[in-house]
Amino acid sequence: MGFDRTLIITGGAGFIGSHVVRLFVTKYPGTRIINLDKLTYAGNLANLKDIEGKPNYTFVKADICDYETVRGLVRDNNVSGIIHLAAESHVDRSIVDPFTFARTNVMGTLSLLQAARDYWEPAGWEIGGKPCRFYHISTDEVYGALELTRPEGDPSAGESGGGPFGDDFFTEETKYRPHSPYSAAKASSDHFVRAYHDTYGMPALVTNCSNNYGPYQFPEKLIPLFINNIRYRRPLPVYGKGENVRDWLYVEDHARAIDLIFHNGRDGETYNIGGFNEWKNIDLIKVLIRTVDRVLGRPEGADEDLITFVTDRKGHDMRYAIDSTKLKEELGWEPSLQFEEGIEKTVRWYLDNQDWLDNVTSGDYMSYYEKMYGV
Ligand code: NAD
Ligand code: TYD
């Protein structure tokens, strides 16, 4: 069967990437999707079981740092677009092993950019009549941390244009001030993408999104880790006093934004993606406990005794809050789910998919867990 175009999605076996691959494969049957993924501990083909037999889907196991392989893949398949999600993504791991983060996030991105440029530039940035595009997925963590000027939180503050925990937000103009090795490596990769646009004229754009949650997230990140621990009545390691604030977005809303921006965003631009949905960790954790307890038929809140305050993360960013007004005004994107609804769906998904959780928490997972938390 002939296809209109071929796109590479990197990191498609990971959390967000699997939602993006699923959306593109099902929404665009005329587009061939190549999922390029190294299958690190965070990549799992079980995340894509439901679409693996589709005629427009191909999986290629490869490392984005392997320039020759990536270059061959772009060339041999007449690839006209790359949506780049592959990365090392966990802050705690970056604190232990920064080299791996620089390798994959910086050198891997550079290898992809150069492979794309090598094929696209001589063709005038057009392959088979299709304009080329390199779309780099990044994080709000590159902007650094905001202050907590209203530590108790004030939900009515939003009416005067501020967030519940502070007046300021990250906008597309906020200066980069990454603190963790993870965010430093992502910041560097963002700069390389913009440099390829500015230097070579590569059609490229970057988006910076807030914390995602939903199905298929590896249970080392807060929400799936805690759901799993509550289920087994294991301690919930809350860093510091649990006062840090994160801005949460349901993963399918991020995938929808990626689709919209890939097709309608402007080259050379940056778009922030977020749901104006800030939560203090400890409050979010209590909502999680109540939801898991209710779904499991335990008395609501019974598992609050699992909360265990542990030593804070080194360099722990206090608050993230994204202003996504530009995306709303330019492309009409808005999150579709209320947080309570998203959390309910997420909790039910993890509790209904014990096989998936057991599968990804087998092997090396417990030794990582023991090393991290000493339990
Ligand atoms: P993830 O860790 O769940 O998945 C990463 C995927 O990349 C895995 O499938 C892994 O196998 C693959 N990968 C890692 N190194 C690779 C390499 N060298 N070559 C090829 N594949 C490799 O990550 P995620 O949470 O889905 O994040 C995806 C992207 O979105 C990342 O770039 C991340 O920085 C960004 N992001 C994540 C969040 C979030 O809350 N999770 C928020 C904003 C932006
Ligand atoms: P995480 O899911 O790792 O995302 P990020 O660090 O990229 O924001 O963590 C979300 C918040 O939860 C962050 O403030 C750190 C905190 N946290 C804990 O308190 N305990 C944990 O075990 C984990 C994994 C995170």
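The values are calculated or read from the model by the stated rules, or taken from the named source; none is laboratory data. The shown structure was predicted, so the numbers you read here are calculated from the model rather than taken from an experiment. We place every Cβ from the backbone using ideal geometry, glycine too, and count neighbours over all the protein chains shown. The protein model used for the area step is the full one, side chains on, heavy atoms only, and it has no ligands, DNA or RNA in it. Shrake-Rupley method; radii C 1.70, N 1.55, O 1.52, S 1.80 Å.
Scanning residues 5 or more positions from Val238 or on other chains, those with amide H under 5 Å from its amide H are Thr308, Phe309, Val310, with H placed 1.01 Å from N in the peptide plane. Between Asn359, Gly153, Leu205, the Cα set farthest toward the positive side of the dipole of the chain (charges on each charged residue's Cβ, about the Cα centre) is that of Asn359. Ellipsoid semi-axes for the chain, based on the Cα gyration tensor and the rule √(5λ), read 34, 24, 20 Å when sorted largest first.
Between amide H atoms placed 1.01 Å from N, distances below 5 Å from Asp167 occur with Thr149, all of them 5 or more places distant or on a separate chain. If you add up the charges near Ile289, with Lys and Arg at +1 and Asp and Glu at -1, over every other residue whose beta carbon is less than 9 angstrom from its beta carbon, what do you get? Around Ile289, the surrounding residues sum to -2.
Which of these, Ala257, Ala204, Ala157, has the largest mean-square fluctuation under a Gaussian network model of the chain (Cα springs below 10 Å)? Maximum among the listed residues: Ala157. Across segment 94-110, coupling constants 3J(HN,Hα) worked out from phi with the 6.51/-1.76/1.60 Karplus curve, θ = phi - 60°, read 5, 6, 7, 9, x, 4, 4, 6, 5, 4, 6, 6, 8, 5, x, 5, 5 Hz, and Gly and Pro carry x. Pull up the cross-link candidates among the lysines for Lys280, meaning alpha carbon to alpha carbon under 17 Å and not fewer than 8 places away within one chain. Partners found: Lys221, Lys241. The sum of -39500 (n - 2.57) across all DSSP H runs of n ≥ 4, divided by the residue count of the chain, sets its helix-only mean residue ellipticity at 222 nm to -11500 deg cm²/dmol. Applying the Karplus relation 6.51 cos²θ - 1.76 cosθ + 1.60 with θ = phi - 60° to segment 275-285 yields 3J(HN,Hα) values of x, 6, 9, 8, 9, 6, 3, 5, 5, 4, 5 Hz, where x marks Gly and Pro.
Estimated from the Cβ-Cβ distance and a Förster radius of 30 angstrom, the FRET efficiency linking Glu121 and Glu334 is about 0.25.
Here's how it looks for Asn35: its modeled amide H is under 5 Å from those of Ile9, Thr58, Phe59, Val60, which are all 5 or more places away or on a different chain. Applied to segment 189-195, the Karplus parametrisation 6.51 cos²θ - 1.76 cosθ + 1.60 on θ = phi - 60° returns per-residue 3J(HN,Hα) values of 5, 4, 4, 5, 5, 5, 5 Hz, with x for Gly and Pro.
Taking all protein chains in place and a 1.4 Å probe, what share, in percent, of the accessible surface of the chain do carbon and sulfur account for? Whole-percent figure for carbon plus sulfur exposure: 50. Computed from Cα atoms, the angle from the helix 251-264 axis to the main principal axis of the chain rounds to 30 degrees. For helix 15-27, report the angle its Cα long axis makes with the longest principal axis of the Cα atoms of the chain; keep it between 0 and 90° and round to the nearest 10°. The two axes meet at around 50 degrees.
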